[in-house]
Amino acid sequence: MELDHIGVAVRDLGRAEEAWARVAPGEGSPETVGNDGVRVLFCPFEGGAVELLEPSREESPVGRFLERRGEGLHHVAFRVPDIRAALQEMVRTGVELIDREPRPGAHGTLVAFLHPKAFAGVLVELVEHPGDQ
Ligand code: CO
């Protein structure tokens, strides 16, 4: 699979953007995604991107992550042509899913998360881009 992006949980999107600009400058403006209580900014680099994730409220998945573990690597995302088929294949090979059904991600994508215990403690996200299928 192709790397899509690496998700990084941050407390302050503006400050994180400044820091990451040294290696991967941010593109466009931050986007609020779905009902997840998170603002994201993509910082592309050759072959992938860093996705900066700032919680817009404490009681959100990224807010709770920051409270427990502080800033840092949150997830790794892979690009798939057909996310529903990819999820079925994960189930077939015994991977526990967090999302049984894909949901809207940033930039019109469909995304689904897989349980970290299936990947040595790393939260994995699958991403289908519009027009890929
Ligand atoms: Co992501």
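In the range 18-75, with Lys and Arg counted as +1 and Asp and Glu as -1 at Cβ, which of these residues, 41, 66, 30, has the Cα nearest the positive end of the dipole, that is, farthest along it?
Looking along the dipole axis, the top candidate is 66.
Please grab the % of Cα pairs in the range 1-82 that end up more than 14 Å from each other.
61
Could you pull out the GluC sites (Glu not before Pro) across the range 1-50 that fall in loop regions by DSSP (anything but H, G, I, E, B) with no more than 12 other Cβ atoms inside 10 Å?
Numbers: sites: 2, 17, 18, 27, 31, 46; in loops: 46.
Of the GluC sites (Glu not before Pro), the ones in loops of the range 1-50 whose Cβ has at most 12 other Cβ atoms within 10 Å are 46.
Treating the range 10-133 as a set of equal point scatterers at the Cα positions, no solvent, please give the Debye-formula log₁₀ I(q)/I(0) at q = 0.12, 0.15 Å⁻¹.
Reported log10 I(q)/I(0), two decimals: -0.46, -0.73.
What's the FRET efficiency of residue 21 with residue 119 using the Cβ-Cβ distance as r and R₀ = 35 Å, to the nearest 0.05?
That pair, residue 21 with residue 119, gives E of 0.75.
Give the span of the range 1-40's Cα atoms along each principal axis, as three whole-Å numbers ordered largest to smallest.
31, 31, 18
Leaving ligands, DNA and RNA out of it, work out the accessible area of residue 66 with a 1.4 Å probe and give it in Å² to the nearest 10.
My reading of the accessible area for residue 66 is about 10 Å².
Within the set of other residues whose C-beta is less than 13 Å from the C-beta of residue 128, count the net charge using Lys and Arg as +1 and Asp and Glu as -1.
-4
Given the DSSP H assignment, sum -39500 (n - 2.57) over each helix run of at least 4 residues in the chain and divide by its residue total; what's the result at 222 nm in deg cm²/dmol, nearest 500?
It lands at -5500 deg cm²/dmol.
Counting only other residues whose beta carbon sits under 14 Å from that of residue 3, what net charge do I get with K and R as +1, D and E as -1?
-4
Taking the chain as a Gaussian network, where each spring joins two C-alpha atoms under 10 Å apart, which residue of 65, 42, 119 fluctuates the most?
Among 65, 42, 119, the largest GNM mean-square fluctuation belongs to 119.
Taking θ = phi - 60°, what integer Hz values does the Karplus form 6.51 cos²θ - 1.76 cosθ + 1.60 yield along the range 26-35, in sequence order, with x for Gly and Pro?
So the J values, rounded to whole Hz, are x, 10, x, 10, x, 10, 8, 9, x, 9.
Using bins 10 angstrom wide from zero, how does P(r) for the range 52-107 break down, in % of all Cα pairs?
18, 41, 33, 8
Rg/Rh for the range 78-133 to two decimals, with Rh computed the Kirkwood way over all alpha-carbon pairs.
Here the Rg-to-Rh quotient is 0.96.
So if I place +1 on the C-beta of Lys and Arg and -1 on the C-beta of Asp and Glu, and nothing else carries charge, what would the dipole magnitude of the chain be about its Cα centre? I want it in debye, nearest 20.
Details: 14 positive and 23 negative charges, 80 e Å.
Rounded to the nearest 20 debye, it is 380 debye.
The values are calculated or read from the model by the stated rules, or taken from the named source; none is laboratory data. None of these values were measured; they are calculated from a predicted model. Neighbour counts are summed over all protein chains in view; Cβ atoms, including those assigned to glycine, are modelled from backbone coordinates with ideal geometry. Quick note on the areas: whole protein, heavy atoms, side chains included, nothing else; ligands and nucleic acids left out. Shrake-Rupley method; radii C 1.70, N 1.55, O 1.52, S 1.80 Å.
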